[in-house]
Amino acid sequence: MSLQIFTNPSQLWFSKRISCKVRLSRVLATPPYSILLQMDESNNNLPKSKKGFGLSSEDSRSGLNILHADSMLRQANTVGIIGGISTDSTLNFVRKLEDWSLKDGKSSLPFVLCSDPILNKELLLYEENSYPSLYHRIKRTPADPKQIVENLKNKRRSLERCGAKLILMPCHIAHTWYDEVCEGSSVPMLHMGDCIVKELQEAKMKPLEAGNPLRVGVMASSATLSAGFYQERLQSNGFEAVVPDKATMEHTVIPAIEAMKRDDMEGAGNLLRIALQVLLVQAVNVVLLGSDEMRDLLPGDDPLLKKCVDPMDALARSAIKWAESL
């Protein structure tokens, strides 16, 4: 197993117990307590970051101050983050976590981020396998859920060893195996479904149809919808979950994904709007967007977004509340 460690320009951390390569993040690092670990379970050389993060071998020998892990990650509010399918999505989550925790003059949260390109590919393959009509022409090895679970558990253990006191998975499909990943954990692990349900309860919305439970639409990939964890948590807390029917999936959601794959973002966005409208006309108060790809199809000022809630945002807010409660 190889590690790449990213931290702030003034301080670098490494563990003598493992072989590691040190690189520097000039973008996301929040001095003095943020560390990003990039792990490659395949023992292959890791590709260079497309975002320009990193430090040359010459820079890594430039005399930067080295700190031991015990002095870096003793903070009781240290958050551990397991990266998901998309590196961009994970980094967007980290930016929100850090930006929102800085409000009102407060300090940003210390965090450890573990990203593994092999795990990213495994999760993506699992999700793509849920659309056989889209990928039937591509010969590929089926995703192995057992391997994914073991990989996720390895990441959780690594974060615990680095001093994380709370574990987060900002990835929808990874929550399919939440219970298995949590098993044996020495620290709590937030579930995005629990976080968004709590916020919906606190919003105290009234049902659009009197006498019926409040209805929440769930828009997500086929794999996430099939896993059912959002629907289960909504229904067990008194909400009625409404998911796209077969016709909506076949005529709007899957074509939207097809459009994304050929970089027709305008067409994909228009199809997603239709799918959201189909849910909203069913007396749905809000739509839970359980897909970052879908969320990114709509511009920030799109009126439909006012009718949507994002579990990723709820996860970030819940982590900040956890830290503030200590």
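The values are calculated or read from the model by the stated rules, or taken from the named source; none is laboratory data. Treat the numbers as computed from the prediction; the structure is a model and nothing was measured. Because the Cβ atoms are built from the backbone with ideal geometry, glycine has one as well, and the counts that use them run over all protein chains shown.
A few comments on the model shown:
- Single condition residue 316 does not satisfy, out of (1) of a type in the set (A, V, I, L, M); (2) farther than 24 Å from residue 83 by Cβ; (3) buried (at least 19 other Cβ atoms within 10 Å of the Cβ): (2)
- The residues of region 168-206 that are more than 24 Å from residue 125 (Cα to Cα) and under 16 Å from the mean Cα position of the chain (by Cα), listed by number, are 189, 190, 194, 195, 196.
- Pairs where the first residue, in region 203-231, is closer than 10 Å to residue 241 by Cβ and the second is among the small types (Gly, Ala, Ser) and assigned to a helix (DSSP H, G or I), C-beta under 8 Å, 6+ apart: 230/193
- Check on residue 132, at pLDDT 90 or above and farther than 16 Å from residue 189 by Cα: no
- Boolean, residue 316 is among the hydrophobic types (A, V, I, L, M, F, W, C) and assigned to a helix (DSSP H, G or I): yes
- Residue check, residue 147 of a type in the set (S, T, N, Q), part of a helix (DSSP H, G or I) and not assigned by TED's automatic domain parsing to the domain that holds residue 113: no
- Among residues of region 275-312, those that are among the β-branched types (Val, Ile, Thr) and either part of a loop (DSSP other than H, G, I, E, B) or without any contact (Cβ under 8 Å) to a residue 24 or more places away in the chain (or both), counted: 2
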